[in-house]
Structures are given as C-alpha cells and as structure tokens.
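Some notes on the structure that comes next.
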Amino acid sequence: MGIKTAWDLREADAKRLRRKFSVNMERTVLELRGISCLEMNDLHEPKKRIMTSRSFGRPTELLTDLQGAIRQHAQRGAEKLRQQNSLARAVLVFLKTNRFRPDLPQYSPSIVVEMERPSQDTRDILHAAQEALGKIYRPKYAYKKAGVMMLDLTDADRQQLSLMDTPQTEEERQRSQKLMATMDVLNEKMGKGTVRLGLPEKNAPWHLRCAHRSPRYTTRWDELMRAYTDEGAARRKNSKCPH
C-alpha cells in the first residue's frame with residue numbers, strides 16, 4: 001500500500017485502513033495524528049482477563065506443534081495470574097488459520113473450559129487448556145496462530161468458593177502455593193523459562209521468525225555493539241583473524 005514509515009501511516013486514509021485491517025489500525029493512525037483513542041491501563045489495577053497468544057513463524061497442521069504452543073501460552077498466563085495475585089475460574093483456547101490465504105481451508109475455533117475450582121496453579125491451567133485444545137483441533141488445517149485466555153478472574157485474597165467448585169484441602173492449597181512460588185523465584189533469578197512444564201521443541205513452527213529482529217544489545221553478550229578507534233579498525237581490517 002506504499003506505507004513504509006510512521007509518517008506514511010499517519011497520512012494514510014484511516015477509514016480505508018480500518019476496512020482492510022481493523023479498528024485498531026484506524027486508532028493507531030489517529031494516535032499518530034495526536035488524537036487520543038487508546039486509554040492507558042492503570043498499572044495498579046488487576047486485569048479482568050489475561051491473554052497470551054502469538055502468530056507462528058510458519059503454519060502447522062500437527063497437533064503436537066499446537067500442544068507445544070498452548071503449553072507455552074498457558075504457563076505464561078499462569079505466571080501473569082500470580083503476579084497480580086488472581087485466580088481464574090475458566091480458560092479459553094483459540095486457534096486461527098491464515099485469513100489472508102483464501103486459497104487455503106479456513107477454521108478459527110475457540111472454546112471455554114471451566115476449571116474444577118478457581119486456581120493460579122500452572123498445572124490446573126495447563127490441564128484445562130490442553131483439554132480445550134483437544135476439543136477444537138481438527139486435522140488438515142494450516143494453523144497460523146493460537147492463544148490462551150484466563151477468564152472470570154478473582155482476587156486470591158478474597159476468594160469465594162461456589163457450591164459447584166471441587167473442594168481442596170488446606171494442605172493441597174499450601175503445597176500448590178509453595179510449588180508455584182518456587183518456580184517463579186527460580187525463573188526470576190535464573191531467567192524466564194528455566195523451570196517449566198514440558199520442554200519446547202527446538203525450531204518448532206510456532207516459534208517466531210527472528211530474521212529481522214533488532215540486535216539485543218542490553219540482554220545478550222554475543223550481540224553487544226563493538227566500537228573501534230580509527231587505528232583499531234585499520235588493524236582489524238588488515239588482520240587475518242576474523243575477530
């Protein structure tokens with residue numbers, strides 16, 4: 001569409017972009033023009049829903065690939081739940097094919113699975129998410145995106161049990177809290193994903209393609225910027241050593 005810069009986007013026809021993409025695209029154009037359309041979230045206000053999703057690096061038809069993606073999203077969603085000290089009563093799982101490929105069969109299902117009781121335990125949420133995936137998965141579709149959403153959130157300190165909830169003993173509750181707290185502490189100290197349920201497959205289709213990713217100067221030693229003086233650059237150029 002000839003839009004290559006933020007300025008191009010600012011000057012584009014907002015209504016046309018809305019028809020071609022979404023209302024969020026129109027709002028982005030208006031924001032670039034200085035017209036406020038997006039409300040800032042209150043960082044201290046707990047979210048009413050928590051969603052984790054991501055488009056795949058390449059489409060996949062395999063259930064095992066989708067299970068890996070859903071497992072990743074469910075665990076990340078559970079971490080966010082605990083960060084705001086909330087419990088979830090239900091989990092929504094959705095899949096999407098590529099709507100920009102009308103030549104391919106299209107299928108974009110979603111389903112909500114209620115849990116036995118409100119929980120922030122990764123194991124409970126993962127179990128519900130995988131159950132949901134099993135109900136909506138259909139073979140022979142090239143899936144491009146998957147996501148998990150935590151629904152019906154409640155404050156963990158003011159939990160009210162329903163008559164329909166499966167009871168949990170105080171011992172089970174404390175064991176769950178200790179286990180999740182230990183996982184969170186280790187992941188915070190040792191790096192995200194150090195302790196998790198199940199190992200992600202290397203080069204899985206649902207991993208992002210990073211060919212055009214900017215260098216991670218602040219978080220990766222091997223991607224630090226290198227600076228040379230004119231003399232040092234000349235020596236390096238004339239040196240046979242690549243470093």
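Charges on Cβ only, +1 for Lys and Arg, -1 for Asp and Glu, centred on the Cα centroid of region 50-155; of VAL112, ILE125, ALA146, which one is farthest towards the dipole's positive end?
ALA146
If the limit is 28 Å between Cα atoms, which of LYS47/LYS96; LYS80/LYS145; LYS48/LYS135; LYS4/LYS192; LYS80/LYS144 go over it?
On the way: LYS47/LYS96 24 Å; LYS80/LYS145 20 Å; LYS48/LYS135 25 Å; LYS4/LYS192 34 Å; LYS80/LYS144 24 Å.
Pairs exceeding 28 Å: LYS4/LYS192.
Nearest 20 debye, what's the magnitude of the dipole of region 50-155 about its Cα centre given +1 on Lys and Arg Cβ and -1 on Asp and Glu Cβ?
Values: 17 positive and 11 negative charges, 103 e Å.
For region 50-155, the charge dipole is close to 500 debye.
Would you mind putting 143-156, 108-121 in packing order, based on average other-beta-carbon counts within 10 Å, highest first? Working shown, then result.
Details: 143-156: 20.3, 108-121: 18.1.
Taking the mean over residues of other Cβ atoms within 10 Å, the ranking is 143-156, 108-121.
Which of the peptides 27-35, 54-62 is most tightly packed, and how do the rest follow, judged by the mean count of other Cβ atoms within 10 Å per residue? If you can, show how the numbers build up before the last one.
Details: 27-35: 14.1, 54-62: 16.2.
So the peptides 27-35, 54-62, ranked by packing, come out 54-62, 27-35.
Between region 81-109 and region 1-70, what is the separation of their alpha carbon centroids in Å?
If you average the Cα positions of each part, the centres end up 15 Å apart.
Round to the nearest 0.05 the FRET efficiency obtained for GLU31 and LYS140 when R0 = 41 Å and r is the Cβ-Cβ distance. Don't skip to the answer; put the middle values down first.
Details: r = 41 Å, r/R0 = 0.99.
The computed FRET efficiency comes out at 0.50.
What do you get when you divide the Cα radius of gyration of region 50-155 by 2.2 N^0.38 Å, with N the number of residues? Write out the running numbers ahead of the final one.
Values: Rg = 13.8 Å, N = 106, 2.2 N^0.38 = 12.9 Å.
Relative to the rule-of-thumb radius for its length, region 50-155 sits at 1.06.
Read-outs: derived from the displayed coordinates by stated rules, not from any lab. In this text the structure is predicted, and so the values were computed from the model without any measurement. Cβ: placed from backbone, ideal geometry, glycine included. Neighbour counts: every protein chain shown.
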